[in-house]
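The values are calculated or read from the model by the stated rules, or taken from the named source; none is laboratory data. For clarity, every value in this text was computed on a predicted model and none was experimentally measured. Cβ: placed from backbone, ideal geometry, glycine included. Neighbour counts: every protein chain shown.
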Amino acid sequence: MSAPSLDDFRLIREYDFEPRPVRRGYAMRTLHVDVGKATASAKPVSEDMKKRFTGGKGFGLKLLWDATGPETRWNDPENEIVIGIGPIGGNTNYPGSGKSLVVSLSPMTGIPVDSNVGGYFGPYLKFGGWDAMEIQGKADRDVIVFVDSNQGKVRFFEAPDCLPRDTHLLAEELTRVFARDEKSLQTVSVVSAGRGADYGMMGVLNFSLYDKRRRGVRVKQAGRGGIGTVLRDKKVLAVVCRFEGVGPNLNDAANPAEVQRIGLKLHREIMVNDASQCRMRSQGTAHLVEIMDAYDLLPTKNHKYGKDPQIDKIASPVWEKLFSQNLPDGCWYGCTMACAHAVDNFELQTGPYKGTRVCVDGPEYETAAGVGSNLYVYDPIGILEMNFYCDTYGIDTISFGTTTGFLMECWELGILNPERTDGIDLTWGNWRGAVQILHDMADGKPFGVLAGRGVKVLAEHFVREYGADPGMMKDIALHGKGLEQSEYIAKESLAQQGGYYLTNKGPQHDEAWLIFMDMVNNQIPTFENKAEALHYFPMFRTWFGLQGLCKLPWNDVEPADNAKHPEPNKVPEHVENYYKIYTAITGEPLDWDGLIRQSERVYNFQRVFNIRQGRGRREDDYPPYRAMGPVFEDEYTAREERYDRQMKEKIGIDPEGLSIAEKIRITREYRMKQYNSLIDAVFLRRGWTPDGCPTPEHLKAIGMDLPEVLEVVNNRIAGRL
């Protein structure tokens, strides 16, 4: 079959717009498309919206709030996918400035989820004169939305039946269809999901970029919360954006020389320091694998253990040898961090593409841990196989890894057997069984579809259908609010338990990673110390999502003398870079406190959004016990010396002569009490009620006292919600 051309695409409708240059980081308008009606329109961004919500994730949450109501569910036509990029995003001077922020009501949690992603789509959309794009409605059959940022057109096409549905093929073909010619392939970016997202609730959005060196398309994922599932439910096969003319100052910076100065400073820092620090340019985030193992933090067998003797089989030197080196592996122009590594010419072992050689993007640490050690898979080939198929089928590697770890533990416990898994062997370490779940998910087969619903639904199903113990299922199903936990052991860090489960969207590590501060270095010993960290770091990290920034250049490379600062974990010189570059682009003054306040407004708004949707209570913020401590006796004995010492020193009980079951009970009671005290301290510091609701006084103090927000809060406090 010959490759499709634009002549094969039936045009449904076309909308013309005037491309608008960005001014001081903002276009001051957003693009709304309704795929059911095939309509497009522009919405103005007011100065008040800009002030309160800043951009990126903030604009996404505001637009989603306005588009939906308390009764809206993820698969209702009025639910939206909002893609935004903030005022700093799209600049080519400062590393890590190409992130898009995607917001939607999640199929997994029922509340707003946000996910950040690289690739070229967000900047290309912005340079057509849009701060964000809303995708709403539901089409009757698969459609493609094309935004031409140069010509000023939005076109709605029927998707031809001849197009492939798997991402690695679809993105490649659409890039060639919508590029002007072979020389302009890099001007096109495609957003799509895959066949797995048709059936699984953990579907991702893949954002493409054309890699000139590899002469092919690569993809980055907006991975968490099932936003790819929302896209496929709307019958959108892809959203495509084209822009030609990327340059150094398309953000129209107020002080372009200052932007360039700050960027050059970080470029030099990366080039000089990376090789002796995290080695991001050669290993990417995979450098974390053996570090996590060394500190008993690497998820092993469904987060039961934190280390394993086989770690050298999947440690960073293995990945460094497999990754193609000396290629500009950035996911946006001008990023010298270049951490987006790939394994080229990987021969697939299973599935519909068996025997085909492909480019595998990654693995990142979360993937290597999630589908590697967490499944007791210490074979790089198996990890790469699952990495590739998750990407092309449009499935989140974190949710898939945590879900499959849960399934393998249930197999070990006798809850699952070949009859219940459609013949799939889920013995620990059997990566071929794990990847078969992916194939069955993409093909819509029963067990694959069931697995794709995630651990919350699976745990409930096993209790209802197979008589599994409900308490045990609750303990070992690693999710918060319906979202699977990402891949760090939280048992030994109370602050990290809060960093995962006191989040707005569920246990994702992009809000606060406090394990070393808490567990290793004992820098935050009191509840008040922990609460302060769980205020500052989620607010600081939220700021990246408002601006269109990647967090890695913040702390995965540091100034050589960073240790001289009283709080080196904050990397103060880089924080200074951020608020200075914001001012250099927007012309608006900003300092350290102002940066936190920008985030605080949006963070509290998201909490109120959760409340409006019927969640956002204290009871929603508790971890499964596996994330807090040992559930089973062998789990206790694996760290028995540590736990016994803690019992004696912290709890004040001598463990001598006690049974393992008694020790587990005592440890559990103590840790639950500690977590409750942590919640009290964190909610107090955040300006929330003991039940987790922002107070009207706090909302007024931070400038988020919008009437519709106060109405929700007052109703909640009065007991009407």
Select the helices (runs of 4 or more DSSP H) contained entirely in the range 152-259, then report the ones holding at least 1 residues which are within 20 Å of Asn75 (Cα to Cα).
195-199, 227-233
Could you tell me which residue of the range 404-453 is surrounded by the most Cβ atoms within 10 Å (Cβ to Cβ), considering only residues that are touching a His at 6+ places or on another chain (Cβ under 9 Å) and in a loop (DSSP other than H, G, I, E, B)?
Arg453
With (1) in contact (Cβ under 8 Å) with a residue 24 or more places away in the chain; (2) out of contact with any helix residue (DSSP H, G or I) (no Cβ under 8 Å at 6 or more places or on another chain) as the list, and Gly84 as the residue in question, which single condition is left unmet?
(2)
Subset of the range 364-399 (residues that are in a helix (DSSP H, G or I), within 16 Å of the chain's Cα centre (by Cα), among the hydrophobic types (A, V, I, L, M, F, W, C) and more than 17 Å from His341 (Cβ to Cβ))
Ile398
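Yes/no per residue for (1) free of Cβ contacts under 8 Å to residues at least 60 places away in the same chain; (2) touching a His at 6+ places or on another chain (Cβ under 8 Å); (3) among the charged types (D, E, K, R); (4) assigned to a helix (DSSP H, G or I):
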site: Lys530; (1), (2), (3), (4): no, no, yes, yes
site: Leu534; (1), (2), (3), (4): no, no, no, yes
site: Phe540; (1), (2), (3), (4): yes, no, no, yes
site: Leu546; (1), (2), (3), (4): no, no, no, yes
site: Cys550; (1), (2), (3), (4): no, no, no, no
site: Val575; (1), (2), (3), (4): yes, no, no, yes
site: Tyr579; (1), (2), (3), (4): yes, no, no, yes
site: Leu590; (1), (2), (3), (4): yes, no, no, no
Please find, among Phe146, Phe178, the residue that is in contact with a strand residue (DSSP E or B) (Cβ under 7 Å, 6 or more places away or on another chain), closer than 25 Å to Thr356 by Cβ and in contact (Cβ under 8 Å) with a residue 40 or more places away in the chain.
Phe178
Only one of Glu656, Glu662 is more than 19 Å from Ile489 (Cβ to Cβ), assigned by TED's automatic domain parsing to the domain that holds Tyr500, among the acidic types (Asp, Glu) and in a helix (DSSP H, G or I), namely Glu662
Exposed (fewer than 14 other Cβ atoms within 10 Å of the Cβ) and either in contact (Cβ under 8 Å) with a residue 60 or more places away in the chain or not in a helix (DSSP H, G or I) (or both), is that true of Asp705?
no
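Per-residue answers, yes or no, for (1) in a loop (DSSP other than H, G, I, E, B); (2) more than 30 Å from Arg615 (Cα to Cα); (3) not assigned by TED's automatic domain parsing to the domain that holds Asp396:
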| position | (1), (2), (3) |
| --- | --- |
| Ser41 | no, yes, yes |
| Gly58 | no, no, yes |
| Leu64 | no, no, yes |
| Asn79 | yes, no, yes |
| Tyr94 | yes, yes, yes |
| Gly98 | yes, yes, yes |
| Leu101 | no, no, yes |
| Met108 | yes, no, yes |
| Gly119 | yes, yes, yes |
Number of positions in the range 331-361 that are buried (at least 18 other Cβ atoms within 10 Å of the Cβ) and free of Cβ contacts under 8 Å to residues at least 40 places away in the same chain:
1
Suppose the filter is in contact (Cβ under 8 Å) with a residue 12 or more places away in the chain, among the polar types (S, T, N, Q) and farther than 27 Å from Ile291 by Cα; does Thr427 pass it?
no
Which members of the range 35-71 meet the condition of being surrounded by fewer than 20 Cβ atoms within 10 Å (Cβ to Cβ) and over 25 Å from Glu708 (Cα atoms)?
Gly36, Lys37, Thr39
Given the conditions (1) surrounded by fewer than 22 Cβ atoms within 10 Å (Cβ to Cβ); (2) in contact with an Asp or Glu (Cβ under 7 Å, 6 or more places away or on another chain); (3) among the aliphatic types (A, V, I, L, M), which single one is not true for Leu101?
(1)
List the residue pairs whose Cβ atoms are under 6 Å apart, where the first residue sits in the range 13-42 and is aliphatic (A, V, I, L, M), the second is exposed (fewer than 15 other Cβ atoms within 10 Å of the Cβ), and the two are 6 or more positions apart or on different chains.
Ala38/Arg13
Residue list for the range 367-403, filter: farther than 20 Å from Tyr488 by Cβ and surrounded by 22 or more Cβ atoms within 10 Å (Cβ to Cβ):
Gly382, Leu384, Glu385, Phe388, Tyr389, Asp391, Thr392, Tyr393, Gly394, Ile395
